[in-house]
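Student: Can you read through this structure? Questions will come right after.
The values are calculated or read from the model by the stated rules, or taken from the named source; none is laboratory data. If you're wondering where the values come from, they're calculated on a predicted model, not measured in any experiment. Here the Cβ positions follow ideal geometry from the backbone for every residue, glycine too, while neighbour counts run over all protein chains shown. Surface areas here come from the heavy atoms of the whole protein model, side chains and all, with no ligands, DNA or RNA. Shrake-Rupley method; radii C 1.70, N 1.55, O 1.52, S 1.80 Å.
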Amino acid sequence: MTPGDLLTRFLLQLPSPALVRPSRPGLHPAAVLMPLIERADGLHLLLTERSRHLRHHAGEISFPGGRQDPEDESLYRTALRETEEEIGVPASQIRLLGHLPRLPTVSQFEVLPVVGLLDPHYRLGLNEDEVSAAFEVPLHHLLDPARYISMTLQRQGRRDTLYWIPWQHRYIWGATASMIRQLAAQIAI
């Protein structure tokens, strides 16, 4: 899939003032960047592995991102700021395409997944306090529903389905896997 194919299929929403604060009371606003990179074999998605010493979500696979700061004029700005802080990629190397629907998490955040194209010649500068590694996964691997492992469980009086996506020696799961599934659904043929 090329960036043009992605744009044709995705028809992402444009930024709006409504993205400044969460739509559900009690949840903290946050944003992540879903960075796509064009390679010779198609698009790849850049993911990070969180540092193992962190108090929350240690060692998990995630996207660069985090809580909205008061200075962030939008959740798009949050995603860009956090990306530079965590992996050293400045906003000038990212072309924002739009976003997916907000995702409420069990950790009391409402996360806006922001999709962007990353300059293929980007250079990482990992903040090792937050990120221990970054790696690319071919998008075609992540779009294949046969690669997903699912499990349904009862939580807080409702049934939730959790997803895992194996990639090499890692498992992508939780909110990150849910966002990837949202992207897959958005661009499905």
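Student: Using alpha-carbon pairs under 8 Å, 6+ residues apart, how would you state the relative contact order of the chain in percent?
Tutor: Once normalised by length, the contact order is 25 percent.
Student: Grab the DSSP H runs of the chain that are 4 residues or longer, score each as -39,500 (n - 2.57), total them, divide by all residues and round the 222 nm result to the nearest 500 deg cm²/dmol.
Tutor: -6000 deg cm²/dmol
Student: Applying a 10 Å radius around every beta-carbon, put 120-128, 162-170, 61-69 in order of their mean neighbour count, most first.
Tutor: Top of the packing list down: 61-69, 162-170, 120-128.
Student: May I pose another question? What residue among V115, V89, V106 has the largest mean-square fluctuation in a Gaussian network model of the chain, using Cα springs under 10 Å?
Tutor: Largest GNM mean-square fluctuation: V106.
Student: What list of ³J(HN,Hα) values in whole Hz, one per residue of region 89-100 in order, does the Karplus curve 6.51 cos²θ - 1.76 cosθ + 1.60 (θ = phi - 60°) give from phi, with Gly and Pro shown as x?
Tutor: Working through the residues one at a time gives 9, x, 4, 5, 9, 10, 10, 5, 9, x, 8, 9 Hz.
Student: Taking the solvent-accessible surface of protein heavy atoms with a 1.4 Å probe, what is the per residue accessible area of the chain in Å²?
Tutor: 52
Student: Now, a different point. Kindly write out, for region 130-137 in residue order, the coupling ³J(HN,Hα) from the Karplus curve 6.51 cos²θ - 1.76 cosθ + 1.60 (θ = phi - 60°), rounded to whole Hz, with x marking Gly and Pro.
Tutor: 10, 10, 9, 7, 9, 8, 9, 10
Student: Would you work out if the chain is rounded, prolate or oblate? Take a ≥ b ≥ c from the square roots of the eigenvalues of the alpha-carbon gyration tensor; rounded if a/c is under 1.5, else prolate when a/b is larger than b/c, oblate otherwise.
Tutor: rounded
Student: Same structure again: Among L46, L96, L153, which one shows the biggest mean-square fluctuation in a GNM of the chain, springs joining Cα atoms closer than 10 Å?
Tutor: The residue with the greatest mean-square fluctuation here is L153.
Student: Cα gyration tensor of region 150-189, axes a ≥ b ≥ c as square roots of the eigenvalues: rounded (a/c below 1.5), prolate (a/b > b/c) or oblate?
Tutor: It is oblate, given that a/c is not under 1.5 and a/b is not larger than b/c.
Student: Ignoring ligands, DNA and RNA, what percent of the 1.4 Å accessible area of the chain is carbon and sulfur?
Tutor: Carbon and sulfur together cover 52 percent of it.
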